[in-house]
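Below is one structure, written out as structure tokens; the observations come after it.
No lab work stands behind these numbers, since they all come straight from the coordinates. None of these values were measured; they are calculated from a predicted model. As a convention, Cβ positions derive from the backbone with ideal geometry for all residues, glycine included, and neighbour counts pool all protein chains shown.
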Amino acid sequence: MIPSLRLVAIAGLLACAPFAGNCAAPLDPFDQVKAMGRGLNIMGYDPVWDDVAKARVHERHFRIIREAGFQTLRLNLMAFDHMDAQNRLNPGWLKTLDWVVKSALANDLTVILDEHDYNFCAEQPDACRTKLLAFWQQISDIYKDAPASLIFEILNEPYGQLNAGRWNKLVKESLALIRQSNRARNVVIGPAFWNGIYALGTLDLPEDDHHIIATVHYYIPMPFTHQGASWSKETANLSGVTWGSDAEKQRVVNDFARVAQWSKAHNRPILLGEFGAYDKGPMESRALYTAHVARAAEALGWAWTYFEFDINFVAWDMDKDAWVEPIRKALIPDAAKP
């Protein structure tokens, strides 16, 4: 690590000392996926990253999440806005991240650090490369002694100008940097084109790196999963779209079978990193879809992280301070609760 970046780690008081003596042995990626089980995406849009006084997620939520039966949190980190002109991460942001990581780990939750600045990277791939490598240089050094239940995910949903060729090159660069200090930590990597299942064939992973978990995202069919979503031009004006025919259910099974074939051929375990249906859709169909996708993934031995905890696809209603029960039950059937 270059001196200026090392100073950030020291100044943030985050480095490895808090984890020293608590680091588990490296996990085989297939064993790690089994341990990850069922999870949630969380905190990507929480104001806590700018002002801790405005936090939506608090200490107690990590316990609530674990008690509900979830095993993993995928932290959606939009870190680029918290870098200075030299791409050094803000010490205050790092302090918040450390609080989140330690709170989750203390509640026996696996934690995925997902760098989530995918739109910036799609539009400015060269600038993205600089920032992304700086991010992982700092984070990999800071958390090099963290337990194996802390996982790195290089970048969420590369797309646009960050095409498959550029992405595969950036994956290798990022991995080489991470491996300098985290030689056996499992790293989550998905294909370009939004981590789409049909793009898996474009993903070029280093064959000699055996600590990789492949990830895909699934929102098919978009007219159902994204109806009413203001950020989607194709579906923003849709409403009342239902889901649940035999053909629609079989589509999920068939799509996942393609991923399973790739997984077997390449000997890589799978994380279904995102799935869900936007909360403006009919609740009965949303719950049915959520349960069907989750069980289909589980049947293949995959881990999954639903999108997301408290925003847009909403598993937890912050106003009511309670689970959205149809979604919670779809994700964690009562019979499966600990």
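Take each peptide in 37-46, 118-127, count the other Cβ atoms within 10 Å of every residue, and average; sorted highest first, the result is 37-46, 118-127. Count the lysine pairs in segment 32-152 whose Cα atoms lie under 20 Å apart, taking only pairs 8 or more positions apart in sequence or on different chains. Here the count comes out as 6. So which lysines pass the test for Lys233, namely a Cα distance under 27 Å, with those fewer than 8 places away in the same chain ruled out? Excluding near neighbours in sequence, the set is Lys249, Lys280.
For segment 68-143, the fraction of C-alpha pairs more than 22 angstrom apart is 27%. With viscosity set to 1.567 mPa s and temperature to 4 °C, compute the Stokes-Einstein D of segment 272-338, Rh being the Kirkwood radius across alpha carbon pairs; µm²/s, no decimals. Estimated diffusion coefficient is 107 µm²/s.
Given axes a ≥ b ≥ c from the Cα gyration tensor, I'd like to know whether segment 164-226 is rounded (a/c under 1.5), prolate (a/b larger than b/c) or oblate. Taking the square roots of the gyration eigenvalues as a ≥ b ≥ c, segment 164-226 is prolate. For segment 198-338, the pair-distance distribution built from all alpha carbon pairs, in bins 10 Å wide starting at 0, is 11, 39, 33, 15, 2 percent. Between the residues Pro269, Tyr306, Tyr218, the greatest Cα displacement towards the positive end of the dipole of the chain, with unit charges on the Cβ of Lys, Arg, Asp and Glu, is found for Pro269.
Dividing the Cα radius of gyration of segment 167-268 by its Kirkwood radius returns 1.08 for Rg/Rh.
Using +1 at the Cβ of each Lys and Arg and -1 at the Cβ of each Asp and Glu in segment 176-316, identify which of Trp194, Gly240, Leu205 lies farthest towards the dipole's positive end. Farthest towards the positive end: Leu205.
Each peptide in 80-91, 65-76, 177-188, 302-313 gets a packing score, the mean of other Cβ atoms within 10 Å over its residues, and the list from highest to lowest is 302-313, 65-76, 177-188, 80-91. A simple count of charges around Glu115, restricted to other residues whose Cβ falls under 13 Å of its Cβ and scoring Lys, Arg +1 and Asp, Glu -1, yields -2. A viscosity of 1.306 mPa s and a temperature of 10 °C, combined with the Kirkwood radius over C-alpha pairs in the Stokes-Einstein formula, give segment 115-226 a diffusion coefficient of 110 µm²/s. A simple charge model with +1 on the Cβ of Lys and Arg, -1 on the Cβ of Asp and Glu and nothing else charged puts the dipole of the chain at about 440 debye relative to its Cα centre.
Within the listed set Thr130, Thr215, Thr242, the residue fluctuating most in the Gaussian network model of the chain (springs between alpha-carbon atoms under 10 angstrom) is Thr130. Taking every DSSP beta bridge that has both ends in the chain, the antiparallel portion is near 10%.
Panel values: the chain, Kirkwood radius from alpha carbon pairs, Stokes-Einstein at 10 °C and 1.306 mPa s, translational diffusion coefficient 78 µm²/s.
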